[in-house]
Amino acid sequence: MVTTRPDISAAVSYFSQFQCNPSQEHWSHAKRILRFLRGTAQYGLVYKREESAKQITGFADANWATYPNDRHSVSGYVFQTYGATTSWSSRKQRTIALSSTEPECSALADCICESLWISKLFKELDILDKENIVIFEDNQSAIAIAESEAPSKKLKHTDVKLQFIKKCVLKRKVEIKYLPSSEQPADMLTKGLVPATFNKHCSTLGIQM
């Protein structure tokens, strides 16, 4: 999951929280993950440069109140370098969100932090392009909040992350664009999907035989 298989990130992230005291149901699902890996052992990330692709492209997504036991949400992001997937994350958020917009903003903040780290690394290697880093987000409310200079009173408890996002957008460190959920590959890092959608996102991330 960490180095070669982003497609199992959501499943591993979810079931790993029960490893100290798993039930029979958790054990059954864990074996299902292993069976999936056995059946797709020949799959992996394929790295090939796409000349038309941007140097750094990010995809951010979140799933609201995913965990039924405590109703925490899940953040997910993916980064591609010239079209090749190089970084990804699927992580349970620490706080409980009161609306679907809140976890999206939190996921967007995590994604921007990763983008700044990647851009700093590229700058040290003297290969960083001058163009903005584009991050695709499927929640239009989160995009509107990020691009607005007005304070968000209803989201005061998440104001620190919001201010961070707004400053990064204002300083043109990142550019946030809308991408429909059906085309959002980071969606597979936040929840389980039907096979057709799952396979489509795997192809987008470059997971092939």
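Which one is most open to solvent (accessible area, probe 1.4 Å), of the residues in segment 90-109 that are outside any strand (DSSP E or B) and in contact with a His (Cβ under 7 Å, 6 or more places away or on another chain)? Break it down stepwise before answering.
Step one: list which residues in segment 90-109 are outside any strand (DSSP E or B), which gives 93-109.
Next cut, in contact with a His (Cβ under 7 Å, 6 or more places away or on another chain) only: 93, 96.
Numbers: 93: 17, 96: 92 Å².
Once the filter is applied, the top-ranked residue is 96.
Residue check: is residue 164 modelled with pLDDT of 85 or more and either open to solvent by 70 Å² or more (accessible area, probe 1.4 Å) or part of a helix (DSSP H, G or I) (or both)?
Working: modelled with pLDDT of 85 or more: yes; either open to solvent by 70 Å² or more (accessible area, probe 1.4 Å) or part of a helix (DSSP H, G or I) (or both): yes.
Criteria met by residue 164.
Go through segment 85-110 and count every residue that is closer than 21 Å to residue 6 by Cβ and touching an Asp or Glu at 6+ places or on another chain (Cβ under 8 Å). Break it down into steps so the answer makes sense when it comes.
From segment 85-110, those closer than 21 Å to residue 6 by Cβ are 85-93, 103-104, 106-110; that's our starting set.
Narrowing further to those that are touching an Asp or Glu at 6+ places or on another chain (Cβ under 8 Å): 87, 89, 91, 104, 107-108.
Counting residues in segment 85-110 that are closer than 21 Å to residue 6 by Cβ and touching an Asp or Glu at 6+ places or on another chain (Cβ under 8 Å) gives 6.
Looking only at segment 56-86, count every residue that is touching a Pro at 6+ places or on another chain (Cβ under 9 Å), closer than 16 Å to residue 119 by Cα and of a type in the set (Ser, Thr, Tyr) and tell me the total.
Total satisfying the criteria: 1.
I want to confirm something. Restricting to segment 127-158 and keeping residues that are of a type in the set (Ser, Thr, Tyr) and assigned to a loop (DSSP other than H, G, I, E, B), which single residue is modelled with the highest pLDDT? Break it down stepwise before answering.
Taking segment 127-158 first, the residues of a type in the set (Ser, Thr, Tyr) are 141, 148, 152, 158.
Now drop any that are not assigned to a loop (DSSP other than H, G, I, E, B), which leaves 148, 152.
Values: 148: 82, 152: 63.
Ranking the qualifying residues of segment 127-158, first place goes to 148.
If residue 124 passes every condition in (1) open to solvent by 20 Å² or more (accessible area, probe 1.4 Å); (2) touching an Asp or Glu at 6+ places or on another chain (Cβ under 6 Å) but one, which one does it miss?
(2)
Determine which single condition residue 27 fails, assuming it passes every other condition in (1) farther than 17 Å from residue 192 by Cβ; (2) part of a strand (DSSP E or B); (3) not aliphatic (A, V, I, L, M).
(2)
I'd like to verify a number: residues in segment 32-89 that are in a strand (DSSP E or B), among the aromatic types (Phe, Trp, Tyr) and free of Cβ contacts under 8 Å to residues at least 40 places away in the same chain, how many? Spell out how you get there, then give the answer.
Looking only at segment 32-89, we keep the residues that are in a strand (DSSP E or B), and these are 44-45, 56-63, 74-81, 84-89.
Filter once more, keeping what is among the aromatic types (Phe, Trp, Tyr): 59, 77, 79, 88.
Adding the requirement that they be free of Cβ contacts under 8 Å to residues at least 40 places away in the same chain leaves 79.
Residues that pass the stated criteria total 1.
For (1) under 17 Å from residue 72 (Cα atoms); (2) among the β-branched types (Val, Ile, Thr), each residue gets a yes or a no:
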{"residue": "89", "(1), (2)": "yes, no"}
{"residue": "113", "(1), (2)": "no, no"}
{"residue": "143", "(1), (2)": "no, yes"}
{"residue": "166", "(1), (2)": "no, no"}
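Restricting to segment 127-152, count the residues that are under 18 Å from residue 172 (Cβ atoms), open to solvent by less than 30 Å² (accessible area, probe 1.4 Å) and without any contact (Cβ under 8 Å) to a residue 24 or more places away in the chain.
0
Taking the stated definitions as given, is residue 41 at negative phi, surrounded by 10 or more Cβ atoms within 10 Å (Cβ to Cβ) and not acidic (Asp, Glu)?
Details: at negative phi: yes; surrounded by 10 or more Cβ atoms within 10 Å (Cβ to Cβ): no; not acidic (Asp, Glu): yes.
When the stated conditions are applied, residue 41 does not pass them.
Do you know which residues across segment 56-75 are among the hydrophobic types (A, V, I, L, M, F, W, C) and either farther than 25 Å from residue 17 by Cα or open to solvent by less than 70 Å² (accessible area, probe 1.4 Å) (or both)? Lay out the reasoning, then the answer.
Of segment 56-75, the ones among the hydrophobic types (A, V, I, L, M, F, W, C) are 56, 59-60, 62, 64-65, 74.
Result: 56, 59, 60, 62, 65, 74.
Any idea how many residues of segment 37-84 are β-branched (Val, Ile, Thr) and over 20 Å from residue 179 (Cα atoms)? Give the derivation first.
Kept after step one, since they are β-branched (Val, Ile, Thr), are these residues of segment 37-84: 40, 46, 56-57, 66, 74, 78, 81.
If we keep only those that are over 20 Å from residue 179 (Cα atoms) as well, we get 40, 46, 66.
Of the residues in that region, 3 qualify.
Residues to consider are 62, 84, 107; find the one that is hydrophobic (A, V, I, L, M, F, W, C) and more than 10 Å from the chain's Cα centre (by Cα).
Working: 62 fails: more than 10 Å from the chain's Cα centre (by Cα); 107 fails: more than 10 Å from the chain's Cα centre (by Cα).
Answer to the selection: 84.
Working carefully through the options 53, 11, find the one that is closer than 29 Å to residue 116 by Cβ, at pLDDT below 95, touching a strand residue (DSSP E or B) at 6+ places or on another chain (Cβ under 8 Å) and surrounded by 11 or more Cβ atoms within 10 Å (Cβ to Cβ).
Working: 11 fails: touching a strand residue (DSSP E or B) at 6+ places or on another chain (Cβ under 8 Å).
None of the others qualify; the one that does is 53.
The values are calculated or read from the model by the stated rules, or taken from the named source; none is laboratory data. Quick caveat: nothing in here was measured; it's all calculated off a predicted structure. Note that each Cβ is placed from the backbone with ideal geometry, even for glycine, and that neighbours are counted across all protein chains shown. The accessibility values were calculated without ligands, DNA or RNA, using every heavy atom of the protein model including side chains. Shrake-Rupley method; radii C 1.70, N 1.55, O 1.52, S 1.80 Å.
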